[in-house]
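What follows is a single structure, written as C-alpha cells, with notes after it.
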C-alpha cells in the first residue's frame, strides 16, 4: 500500500465521521463557548470544516506563512458550514492520487514570517492534519454533549446510539 492509498482510506473514513458531527451543529449554537479559553462553536466548526483542505494546501505549496492572510469564507449558517466542509473535503480528496506519491517525501514548513514553527516531510503534515481533524472533532463532541445533543459514534457506537445493544436485543 502506498502512502497515498493509506492516507486516502483514512481521509475518507475520518471525513465521513466528521460529516456526521458537523451535521448536528445548528447556527443557534454558533455562539456557545464552554470555557473562557475555548473557541466559540462557530470558530471551532469553521476550523474543523477547513482541515480536510490542508491536504491540498500541503501538496500544492512548500509552506504556510501566517504573516500572509489565511482567508476563509464567512460562515453564516449550518448550510454554509456544511458547504465549506464539502468544498474543502473535495479539494483534499482530489490531491490523494498516485501522481502525488513523490510529494510525500518533500519538506513543508509552517511559519509566521521569520519564526519557523515546524518543518517536516509533507507526509507528516498530512498525518498531522488528519490528527487535528480527529482532535477538533472530539472537542466538538464535548460541545455537543454539553448542549445535550446526542453524539454519533466515531469508531463504534456512542452512548447515544448503542447499536451493539440493539443488535443483542434483536437477537434475544
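The values are calculated or read from the model by the stated rules, or taken from the named source; none is laboratory data. Not measured: the values here are computed from a predicted model. Note that each Cβ is placed from the backbone with ideal geometry, even for glycine, and that neighbours are counted across all protein chains shown.
Scanning segment 128-160 for residues that are farther than 19 Å from residue 25 by Cα, within 17 Å of the chain's Cα centre (by Cα) and loosely packed, with under 14 Cβ neighbours inside 10 Å, we see that the one that is modelled with the lowest pLDDT is 155.
Listed conditions (1) within 20 Å of residue 12 (Cβ to Cβ); (2) assigned to a helix (DSSP H, G or I); (3) in contact with a helix residue (DSSP H, G or I) (Cβ under 8 Å, 6 or more places away or on another chain) are all met by residue 154, apart from (2).
In a residue-by-residue description of segment 104-117, the property of being touching a helix residue (DSSP H, G or I) at 6+ places or on another chain (Cβ under 7 Å) and closer than 22 Å to residue 33 by Cβ applies to no position.
So, in segment 49-79, of the ones that are free of Cβ contacts under 8 Å to residues at least 24 places away in the same chain and closer than 19 Å to residue 133 by Cβ, which residue ends up surrounded by the most Cβ atoms within 10 Å (Cβ to Cβ)? Restricting to residues being free of Cβ contacts under 8 Å to residues at least 24 places away in the same chain and closer than 19 Å to residue 133 by Cβ, the top hit is 57.
Okay, residues lined up against (1) crowded, with 17+ Cβ neighbours inside 10 Å; (2) touching a helix residue (DSSP H, G or I) at 6+ places or on another chain (Cβ under 6 Å):
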{"position": "11", "(1), (2)": "yes, no"}
{"position": "34", "(1), (2)": "no, yes"}
{"position": "43", "(1), (2)": "no, no"}
{"position": "96", "(1), (2)": "yes, yes"}
